[in-house]
Each structure stands twice: as C-alpha cells, then as structure tokens.
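The values are calculated or read from the model by the stated rules, or taken from the named source; none is laboratory data. Computed from a prediction, not measured in an experiment: that's the story for all the values here. Every residue, glycine among them, receives a Cβ derived from its backbone with ideal geometry; neighbour counts consider all protein chains shown.
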C-alpha cells in the first residue's frame, strides 16, 4: 500500500524530468504514489508520462491551468487524500547514499510524536530580515509533511510566491509542531532559468505581505 504521495509540479521541464524521475525510483524502495501536476506543457511532457504509465503502476498525472507553483502543490495535496506528502520539483535529483533509503528515513522521523515537518539537508534555508531574520524554513523541493500537519495546518497560502514555504513553515511552528532535519541531501536548482532579475523585488513584496499577515514589525 502506498504510504506517501510524492507531489511533482511540472511545466516544460522535459530536459530535466526523465533524469529526475529515474533517480527518484532508484533512490528509494519505500511505497509511494507519484502525483505529477502539469500546467499543460508543450515540450513533450505528456508523451513522456504516457510512456511512464507502461513502466510504473504508481503514477497519477493531472493537467491543470497554470496558476503558479503553489496552486499546483495544493492541487496535488488535494489529490493525495489522506496520505502523507513529500514535496519535490523537476530540477531535483535524489540520491541513495550508502544504501540509506531517504524516504523511509523521513517517514520514520515523521512518525515521532509531535513532528510536523521533516526536511533534508539542502531542503530549505534561514530566513533573512525581509521575513523573520534567522528563522529556519523548509522548502517545497525536499520536505515531508505528515497527514497530522495537513489536517492541522491546511494547504499552502497561494498569495505567496516566493515565500510560500517560509509562511508554511511558520504556520507549522505556530501549530505547536516540531521540525526535524534528516541527514540526506539533494541536488537542486539545475534549471538555469530558475531565477529572474525581479526575484529580489518579489522577495521584498512577499516579505511585506508576510509581516502584515502575521502582525510582525
């Protein structure tokens, strides 16, 4: 039985998607369902997924109107139902180092009392002064959320982007749930066009929104 829904939002990332999915399946034997949420890619993604269906029996594929990464994540969470979820992205490579099954490790950590979020090394960061200076947050490319968290905290706030992961991590803390860092890492940000010249301005706008939302001076 599938215990975890791995949510993978995609849009025109066929250059990276096959190697990402191949590495994913090679890196864990823990039972999971892969939920791919596609914003109607035009680069051959649908054909690739059709072929994947013939190889794997644990894949669900949905095409939705593009409304941003956070919207796609929330869509995947809804499709996951009552399962725990793990968030990843198409420019991530997972590794099975020294025979350790990272997804099993994350699941084991998430089963501990009062744990609300589990993240791997290189799976988040420390917030700067635009949000909460020094706050440890978990990113949407290497984070495990048990169903207790989803039930208590809910979906991601689609007002944010970037900053959605900082906001969610803060909500987990406010809910009285603990965060744990797992000793494994991923290769992330292989997408050369990931950033843009407006990123700094976006972060400042999202920081102001975050502080207004939570009454932070």
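Worth pointing out:
- The condition (being out of contact with any strand residue (DSSP E or B) (no Cβ under 9 Å at 6 or more places or on another chain), modelled with pLDDT under 95 and closer than 28 Å to residue 167 by Cβ) is satisfied by just one residue among 82, 78: 82.
- Selection of region 97-107 for residues being in contact with a strand residue (DSSP E or B) (Cβ under 9 Å, 6 or more places away or on another chain) and surrounded by fewer than 18 Cβ atoms within 10 Å (Cβ to Cβ) yields 97, 100.
- Looking across region 18-34, the residues that are without any contact (Cβ under 8 Å) to a residue 60 or more places away in the chain and not in a helix (DSSP H, G or I) come down to 31, 33, 34.
- Residue 37 being modelled with pLDDT of 95 or more, in contact with a helix residue (DSSP H, G or I) (Cβ under 7 Å, 6 or more places away or on another chain) and assigned to a helix (DSSP H, G or I): no
- Listed by first and then second residue, the pairs linking a residue in region 198-217 that is touching a residue at least 60 places away in the same chain (Cβ under 8 Å) to a residue that is surrounded by 11 or more Cβ atoms within 10 Å (Cβ to Cβ) and part of a helix (DSSP H, G or I), with Cβ atoms under 9 Å apart and 6 or more places separating them unless they lie on different chains, are 206/164; 206/166; 206/167; 207/166; 210/166; 210/167; 210/170; 216/210.
- Test: residue in region 97-105 that is in a strand (DSSP E or B) and either touching a residue at least 60 places away in the same chain (Cβ under 8 Å) or under 17 Å from the mean Cα position of the chain (by Cα) (or both): no
- Residue match in region 55-68 (condition: surrounded by 13 or more Cβ atoms within 10 Å (Cβ to Cβ), under 15 Å from the mean Cα position of the chain (by Cα) and either touching a residue at least 12 places away in the same chain (Cβ under 8 Å) or not in a loop (DSSP other than H, G, I, E, B) (or both)): yes
- Residue under evaluation residue 25, criteria (1) surrounded by fewer than 17 Cβ atoms within 10 Å (Cβ to Cβ); (2) out of contact with any strand residue (DSSP E or B) (no Cβ under 9 Å at 6 or more places or on another chain), criterion not met: (2)
- From the list 77, 73, 85, the lone residue that is surrounded by 14 or more Cβ atoms within 10 Å (Cβ to Cβ) and assigned to a strand (DSSP E or B) is 85.
- Residue match in region 123-131 (condition: touching a residue at least 12 places away in the same chain (Cβ under 8 Å) and within 16 Å of residue 146 (Cβ to Cβ)): yes
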